[in-house]
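Let me begin by presenting the structure, written as structure tokens, before commenting on it.
Read-outs throughout are calculated quantities, based only on the coordinates presented, and are distinct from any laboratory measurement. Computed from a predicted model, the values in this text were never measured in an experiment. Don't worry about glycine lacking a Cβ; one is built from the backbone with ideal geometry, like all the others, and counts go over all protein chains shown.
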Amino acid sequence: MAVYHSEIQVRTRGKGTFEITDQARNALRESGFSNGTVTVFCQHTSCSLVLMENADPSARHDLEGFMDRLVPDNNPHFTHTYEGPDDMPSHIKMALTRSSETIPFANTSLLLGTWQGLFLWEHRTASHNRSLIITVVGE
């Protein structure tokens, strides 16, 4: 098995999910591999990755709303608020979700389900540039 690495930048527009499935496909294509796994790793502690439905945006909006109710901004019990009222809630949301996702591929195609997409989930209110490392292991 061989390994291919690439890095992508994703500019977010504040809280929400941003589909990055095509960037993972591009890295797979650039690797030249036919079979193996693609791992995407997020190098930040206030955003995360999630596999989610990509057909109907209301599914993602419901997930985002649920998480905001579970871990609201401006919680008076948080002391880590150096970067604002969404600072600690963003770290908690990241810890409750994932900082990496691994997707198998065969015959040069990601083996995602019909309605699955890979998303960067921004937990901060402000826009950010996010760095993601994509590692393709395969043959």
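Summary table below
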{"item": "Whole-Hz couplings from phi, Karplus 6.51/-1.76/1.60, listed for segment 121-132; x for Gly and Pro", "result": "10, 7, 9, 8, 6, 7, 6, 9, 9, 10, 9, 10"}
{"item": "Most mobile listed residue (L63, L49, L28) in the chain, GNM with C-alpha springs under 10 Å", "result": "L63"}
{"item": "Sorted by Cβ neighbour density within 10 Å, fewest at the top, the residues S46, S100", "result": "S100, S46"}
{"item": "Debye, to nearest 20: dipole size of the chain, +1 on Lys, Arg Cβ, -1 on Asp, Glu Cβ", "result": "100"}
{"item": "Value in Å of the Kirkwood radius, where segment 2-138 supplies the Cα pairs that are averaged", "result": "15.6"}
{"item": "Among F41, F33, F78: highest mean-square fluctuation, GNM of the chain, C-alpha pairs under 10 Å", "result": "F78"}
{"item": "Average Cα contact separation per residue, the chain, under 8 Å, 6 or more apart, as relative contact order %", "result": "55"}
{"item": "Bins of 10 Å, starting at 0 and running to the largest distance - Cα pair percent for segment 36-96", "result": "20, 43, 29, 8, 1"}
{"item": "Top of P76, P104, P57 by mean-square fluctuation, Gaussian network on the chain, Cα under 10 Å", "result": "P76"}
